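S.K.: Just dropping this structure here.
The values are calculated or read from the model by the stated rules, or taken from the named source; none is laboratory data. Just so it is clear, the model here is predicted, and its values are computed rather than measured. Note that each Cβ is placed from the backbone with ideal geometry, even for glycine, and that neighbours are counted across all protein chains shown. To get the accessible areas, we keep the full protein, side chains included, count just its heavy atoms, and leave off ligands, DNA and RNA. Shrake-Rupley method; radii C 1.70, N 1.55, O 1.52, S 1.80 Å.
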Amino acid sequence: QTKRSTIDRLHPEAELINEGAEWLKAGELVAFPTETVYGLGANALDASACAKIFEAKGRPQDNPLIVHVCNRVMANNLVESWTSEAELCVQHFWPGPLTLILPKTALVPDIVTAGLVNVAIRMPSHPVALRLIEDAGFPIAAPSANLSGKPSPTRGSHVWRDMKGKIPLILDAGACEVGLESTVLDVSGGVPTILRPGGITKEQLEEVLGEVRADTPSENQAPKAPGMKYRHYAPQGELLLVSGLRDRVVQRMGQEILRGQARLKKVGVLCTLESASLLHNWFPDLLFVLGSKDRPQEVASNIFEGLRLCDERRMDLILVEGIEEAGLGSAVMNRLEKAAGKRTQHI
Ligand code: TXA
Ligand code: MG
């Protein structure tokens, strides 16, 4: 039996926060909103509670969890030593969509880090998340609250679809602001390295830290964030990612739509506002508008909703328009490329 409670984003009702904290104290799972995506939370200091996360998501055991804290003292208890880069990140980006990789203390159970010596830690800015951690009094381990492999949940309804019947409580505060997961940054030593692009951009990090690398594992090398090696965000249907000059993208999409329909495929299109204005006359019923190409934040906040709609509408050919790989656009394209697999065209 899963209860889904609507909670006020800015002024979370104390009784609901308390109910969530009580379930967590009892070793159960609670789904809660963050500014990035919804998290599936458990007491991070309780190994058997954390084991339930892997079970509910169908998550591989070798994929570690992010630990969420509400203040610096809580973070200090989990981290063995802080580098100067880590300190700068805390000053500039916490609370917010930045996860730091740092050496863990013995307090962090091995199941949380999948046996790694480092822990992933972040202070979210969402009032509901902060209040829940505060009220529980311990850090909360939480991956995104989707079934493993599915697009991350950015609405309470997404969590409901994936988790109903599996957990006692979903705190539903509506849509998440950022809509993409946090940036995962290794600041444990050496040049800070982005293991997963996300809500804080490389450009923002460089402004504060100077040199920042991106982890780009070669063919036979595993990515440093274990989660990055799995198939992700993929809808059931075949997905084709098309990017490039708008006129060419629109022309190619038109061709692919007609070709797909001729093969009796149910076709769907996720595209920018600008391309939608051109495609609308011919294919008004197929389009889901992600947002303006000039506002990557808008696209970021709609992308998982769009990918999830494809499954709900049982689309079997999905054409997605890419956006420019700068700022948040890089994180958006990272997710779309994962969803598309090898089916990516730049024209
Ligand atoms: O925005 C977010 O980060 C959301 C919200 C709920 O906070 N959480 C989230 O968690 O996206 P998850 O589990 O879906 O993704 C965590 C990523 C995975 O790629 C995982 O492999 C990596 O972080 N990660 C976790 N702990 C790590 C560690 N100790 N070392 C390296 N990578 C780690
Ligand atoms: Mg995830």
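S.K.: Could you pull the Rg and Dmax for region 63-182, using just the Cα atoms, both in Å?
M.R.: Expressed in Å, the Cα Rg and Dmax of region 63-182 come to 14.6, 44.
S.K.: Quick one: what does P(r) look like for region 195-347 with 10 Å bins over all Cα pairs, in whole %?
M.R.: P(r) for region 195-347, in whole percents per bin: 11, 39, 33, 14, 3, 0.
S.K.: Just to compare against my own numbers: the Cα pair-distance distribution for the chain, 10 Å bins, whole % per bin, please.
M.R.: Percent of Cα pairs in each bin: 6, 26, 33, 24, 10, 2, 0.
S.K.: If you roll a 1.4 angstrom probe over the protein chains with everything in place, what fraction of the accessible area of the chain belongs to carbon and sulfur, to the nearest %?
M.R.: Carbon with sulfur: 49 percent of the solvent-accessible area.
S.K.: Within the chain, what is the longest stretch that has no trypsin sites (Lys or Arg not before Pro) placed in a DSSP loop and near at most 11 other beta-carbon atoms within 10 Å?
M.R.: Details: sites that count: Arg231, Arg263, Arg314, Lys342.
Formally, the longest exposed-site-free interval is 1-230.
S.K.: Volume per residue, Å³, of the convex hull around the alpha-carbon atoms of region 278-347?
M.R.: Working: hull volume 7.3 nm³, N = 70.
Spelled out: Cα convex hull of region 278-347, divided by residues, is 104 Å³.
S.K.: Now, a different point. Once fully extended, how much extra length lies between Ser218 and Ala114, figured as 0.36 nm per residue of separation less the alpha-carbon to alpha-carbon distance?
M.R.: Numbers: separation 104, 0.36 × 104 = 37.44 nm, distance 2.26 nm.
Result: 35.2 nm gained on full extension.
S.K.: For helix 296-312, report the angle its Cα long axis makes with the longest principal axis of the Cα atoms of the chain; keep it between 0 and 90° and round to the nearest 10°.
M.R.: With rounding to tens, the tilt is 80 degrees.
S.K.: Just to be sure I understand the curve: with the Debye formula and one point per C-alpha of region 93-133, what is log10 I(q)/I(0) at q = 0.29, 0.30, 0.31 Å⁻¹?
M.R.: -0.92, -0.94, -0.96
S.K.: Average projected area of the Cα convex hull of region 256-298, in nm²?
M.R.: Averaging across all directions leaves 3.1 nm² for the Cα convex hull.
S.K.: For the chain, take the longest principal axis of its alpha carbons; what is the angle in degrees between that and the long axis of helix 127-136, to the nearest 10 within 0 to 90?
M.R.: Taking the Cα atoms of the chain, the angle to 127-136 is about 30 degrees.
S.K.: Would region 138-219 count as rounded, prolate or oblate if I go by the C-alpha gyration tensor, calling it rounded below 1.5 in a/c and otherwise prolate when a/b exceeds b/c, oblate otherwise?
M.R.: Here region 138-219 falls in the prolate category.
S.K.: Rounding to the nearest 10 and keeping the result within 0 to 90°, find how far the Cα-based axis of helix 246-262 lies from the longest principal axis of the chain.
M.R.: Approximately 80 degrees, to the nearest ten.
S.K.: Taking only the Cα atoms of region 2-99, how large is their convex hull per residue, in Å³? Mind dumping the intermediate values first?
M.R.: Details: hull volume 13.1 nm³, N = 98.
In region 2-99, the Cα hull volume divided by residue count equals 133 Å³.
S.K.: Have a look at Leu102, Val67, His92 and report the one farthest towards the positive end of the charge dipole of region 56-119, computed about the Cα centre with Cβ charges (Lys/Arg +1, Asp/Glu -1).
M.R.: It is Val67, whose Cα lies furthest towards the positive end.
S.K.: Please list the equivalent ellipsoid semi-axes of region 182-246, computed as the square roots of five times the alpha-carbon gyration tensor eigenvalues, in descending order and whole angstrom.
M.R.: Values: eigenvalues 132, 59, 25 Å².
Semi-axes (√(5λ), whole Å): 26, 17, 11.
S.K.: On to the next question. Compute the relative contact order of the chain as a whole-number percentage, counting only Cα pairs closer than 8 Å that sit 6 or more residues apart in sequence.
M.R.: Numbers: 767 pairs, mean separation 67.6, N = 347.
Across the chain, relative contact order equals 19 percent.
S.K.: Could you name the aspartates and glutamates in cross-link range of Lys166, using Cα to Cα under 16 Å and dropping any fewer than eight places away on the same chain?
M.R.: Glu28, Glu55
S.K.: Still on this structure, please answer the following. Given a 1.4 Å probe, how much area per residue of the chain is accessible, in Å²? Numbers along the way, then the final one.
M.R.: Numbers: 14790 Å² over 347 residues.
Per residue, the chain has an accessible area of 43 Å².
S.K.: Excluding residues on the same chain fewer than 8 positions from Lys202, give the lysines whose Cα lies under 20 Å from its Cα.
M.R.: Lys224, Lys293, Lys338
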